[in-house]
Amino acid sequence: MGEDRYHVGSFALTSRLFVGTGKYKNFDVMQAALAASGCEVVTVAVRRDVLSPDGGKKRESILDYLDLTRYTVLPNTAGCFNAKDAVRSAKLSRELLEALGNPGMKWVKIEVLADTKTLLPDPIGTLEATRELVADGFEVLAYTNDDPILAKKLKDAGAVSVMPLGSPIGSGQGILNPANIQLCIEYLKEGDADYPVIVDAGVGTASDVTIAMELGADGVLLNTGIAAAGDPVRMAAAMAHGVKAGRLAFLSGRIPKKRYASASSPPGGVIAASGQRL
């Protein structure tokens, strides 16, 4: 098989696994897990506590432990509960990554959350922030509910990728509504088969990743499923295999489901009890 490259905005990628940098026991485990995942893109929540008062980095920042020549940083606006804060966070990340010379300065994963209990996206705030950031020159990846109508509106607003959730952030429930994920993919790829759809949030194990890819997603973004696993490094490797297996299965085309059995061997030539061949 040849190289299975795809594009998200101006970025050409090979790995279809995007991995987060939060919740790890320590930075050494994070580094080993990222390497085992084979990812090219890591997502980081860039907040004020990443910066020192003069605009430089503080010690012990996650960014100090990332090989910025190896990984493209996808900054996210995690923890923002309105469009104004999300836009401010995105602009802060652009300034920081530009100073560090990382190409991630071009894009942002927009998260505008509705409440602290569910951490579900606020659809109105997400759409508002997407429009503003696109107008400001960002390549926006929009984290959203598994609502095909909203997904299409975000694409129409200029998002370079829409990222429907599999289930709530960090829940480990996997893909709760595969029918809606398929509808999102169908709506977003209508007339534009190469438009990248990335399933984000709720992944608990490798089979969840495989399911997302079998549904036709172009990639999967996850954090807790690796970082909170008993062995994050092994789980990261498992997630990498899950992405590849799901992608191959989707490209291969699964058999249709049937109500009744269908023999895999032809009925002719069976040996009867009398010893005669039927």
Q) Conditions: (1) basic (Lys, Arg); (2) over 18 Å from the mean Cα position of the chain (by Cα); (3) at pLDDT 95 or above. Residue 16 meets all but one. Number of the miss? A) (2)
Q. Mind checking which residues of segment 211-239 are β-branched (Val, Ile, Thr), in a helix (DSSP H, G or I) and either within 12 Å of the chain's Cα centre (by Cα) or surrounded by fewer than 23 Cβ atoms within 10 Å (Cβ to Cβ) (or both)?
A. 211, 224, 233
(Q) Can you tell me which residue is farthest from residue 43 (Cα to Cα) among those in segment 103-123 that are surrounded by fewer than 21 Cβ atoms within 10 Å (Cβ to Cβ) and in contact (Cβ under 8 Å) with a residue 40 or more places away in the chain? (A) 118
Q.
Can you report the number of residues in segment 28-70 which are of a type in the set (A, V, I, L, M, F, W, C), in a helix (DSSP H, G or I) and either loosely packed, with under 15 Cβ neighbours inside 10 Å or at pLDDT 95 or above (or both)?
A. 7
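Pull up segment 93-107, narrow it to residues that are under 22 Å from the mean Cα position of the chain (by Cα) and part of a helix (DSSP H, G or I), then point me to the one that is farthest from residue 63 (Cα to Cα). If you could, list the steps in order and put the result at the bottom.
Looking only at segment 93-107, we keep the residues that are under 22 Å from the mean Cα position of the chain (by Cα), and these are 93-94, 97, 102-107.
Among the residues that remain, those that are also part of a helix (DSSP H, G or I) are: 93-94, 97, 103-106.
Values: 93: 12, 94: 14, 97: 10, 103: 14, 104: 12, 105: 13, 106: 17 Å.
Residue satisfying both the conditions and the ranking: 106.
Could you tell me whether any residue of segment 171-180 is β-branched (Val, Ile, Thr) and surrounded by fewer than 19 Cβ atoms within 10 Å (Cβ to Cβ)?
If we filter segment 171-180 for residues that are β-branched (Val, Ile, Thr), which is where we start, we get 175.
Right, trim to surrounded by fewer than 19 Cβ atoms within 10 Å (Cβ to Cβ) and you get none.
No, segment 171-180 has no match at all.
Hey, could you check segment 127-147 for residues that are in contact (Cβ under 8 Å) with a residue 24 or more places away in the chain and part of a loop (DSSP other than H, G, I, E, B) and say which is surrounded by the fewest Cβ atoms within 10 Å (Cβ to Cβ)? Let's see the steps before the verdict.
Filtering segment 127-147 down to residues in contact (Cβ under 8 Å) with a residue 24 or more places away in the chain leaves 127-134, 136, 138-143, 145-147.
Still in the running and part of a loop (DSSP other than H, G, I, E, B): 136, 138, 145-147.
Details: 136: 12, 138: 26, 145: 18, 146: 23, 147: 18.
Per the criteria, the residue is 136.
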Q.
Need pairs with beta-carbon distance below 8 Å; first residue in contact (Cβ under 8 Å) with a residue 12 or more places away in the chain and over 17 Å from residue 27 (Cβ atoms) and within segment 65-83, second aromatic (Phe, Trp, Tyr) and surrounded by 15 or more Cβ atoms within 10 Å (Cβ to Cβ); sequence gap 6+ or separate chains.
A. 72/11; 74/18; 74/107; 75/107; 76/143
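The values are calculated or read from the model by the stated rules, or taken from the named source; none is laboratory data. Keep in mind that what you see is a predicted model, and the values were worked out from it rather than measured. We place every Cβ from the backbone using ideal geometry, glycine too, and count neighbours over all the protein chains shown.
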